[in-house]
Amino acid sequence: MLSQGSLWKVMDQNKKKLNVAAAAMDHIHNDCILGMGTGSTVNFLIDLIPDIKNKISAVASSSLETEKRLKSHGFTVSSLRELGNLDLYIDGADEATDNLNLIKGGGGALTREKILAAASSKFICIIDDTKLVPFLGKFPLPIEVIPMARSFVSREMIKLKGQPVWRENFLTDNGNDIIDVHNLKITDPLELEATINQITGVVSVGIFAKRSADILLIANNDGIEAINS
Ligand code: 5RP
């Protein structure tokens, strides 16, 4: 059971997640073709958008979990193939820096999230202030890998001075494995993203630097702070 202190922390963080999700609603314009991310912060947003359903002309999802939640609110979920480019993609993150680089994939949806972010004219990332960091890497870096390449990619990550841990009993929506890499010093996110993406067997890495966020909305005790690219 959670201690009283931990319970307050979770409640405080959930309040911030709800506030930042509400702030993101202002960015959803009329006739918006929307991409929706994955995770508990985005879940708050999904529960709010039925109020502005008339503004959303179509919505694409980054995961089966998000798709299910959207459908439970009466949305029809379209595939990216049908929609072409998206106007706006909104998603959470596990870590973010003030220059809008991100670590994502705590929920294992990083590859589809990356695809939707890449296909969107605008990417808004919504976080609470516990996730704002000076440097990426304290949060273990998720990498989606083809299952047969798991050990090979893990050995390659050890060469890069990381400590890979296989996310056991978990398969991505694409049927692949996740390796979480601990203790990486990510001084150049763009370079490390490219390096890891080039390792054979890697489907995608959870660094979002090549396609970073355009706007970072951060919920803190005083309200919402916005950082633009
Ligand atoms: C899922 C993600 C999420 O955006 C990330 O894990 C943040 O989740 P939450 O809003 O629950 O803290 O990348 O793959």
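The values are calculated or read from the model by the stated rules, or taken from the named source; none is laboratory data. In this text the structure is predicted, and so the values were computed from the model without any measurement. All Cβ positions, even for glycine, are placed from backbone atoms using ideal geometry, and neighbour counts span all protein chains on display. Heads up: the accessible areas ignore ligands, DNA and RNA and are worked out on the full protein's heavy atoms, side chains in. Shrake-Rupley method; radii C 1.70, N 1.55, O 1.52, S 1.80 Å.
Remark: the chain carries 50 Å² of accessible area per residue (probe radius 1.4 Å; ligands, DNA and RNA excluded).
How large is log10 of I(q)/I(0) for region 141-206 at q = 0.16 Å⁻¹ when the intensity is taken from the Debye formula with one equal scatterer per alpha-carbon? Rounded to two decimals, the profile gives -0.45. Using a cut-off of under 16 Å, list every residue of region 16-50 whose amide N is near the label point 7 Å from the Cα of V77 along the Cα-to-beta-carbon line. It comes to 34-50, nothing else.
Charging the Cβ of each Asp and Glu at -1 and of each Lys and Arg at +1, and nothing else, the dipole of region 141-206 about its Cα centre rounds to 280 debye.
Computed over protein heavy atoms with a 1.4 angstrom probe, the accessible surface ordering of K159, K55, K114, largest first, is K159, K55, K114. Along its first, second and third principal axes, ordered by size, the chain spans 50, 45, 38 Å in Cα coordinates.
Looking at the chain, the DSSP beta bridges with both ends there are about 50 percent antiparallel.
Summing +1 for each Lys or Arg and -1 for each Asp or Glu, what net charge is found among the other residues whose Cβ lies under 15 Å from the Cβ of F208? That works out to -3.
Here region 1-136 is treated as a sphere whose radius is the Kirkwood value from Cα pairs; by Stokes-Einstein at 10 °C and 1.306 mPa s it diffuses with a coefficient of 104 µm²/s. Provide the percentage of antiparallel DSSP beta bridges, counting only those with both residues in region 38-154; round to the nearest 5. DSSP beta bridges in region 38-154 are roughly 20 percent antiparallel. A simple spin-label model places pseudo-atoms 7 Å from Cα toward Cβ; at D129 and D31 they are separated by 4.0 nm. Any chance you could check the Cα centroid distance between region 133-181 and region 62-122 for me, in angstrom? Measuring centre to centre over Cα atoms gives 20 Å. Here the accessible area is traced with a 1.4 Å probe on the protein chains. For region 141-206, carbon and sulfur cover 54 percent of it.
Surface composition of region 16-64: carbon and sulfur make up 50 percent of the accessible area, probe 1.4 Å. Other residues lying with their Cβ under 14 Å from the Cβ of S79 contribute a combined charge of 0, Lys and Arg counting +1, Asp and Glu -1.
Net charge of the neighbourhood of E225, taken over other residues with C-beta under 13 Å away and scored Lys/Arg +1, Asp/Glu -1, is -2.
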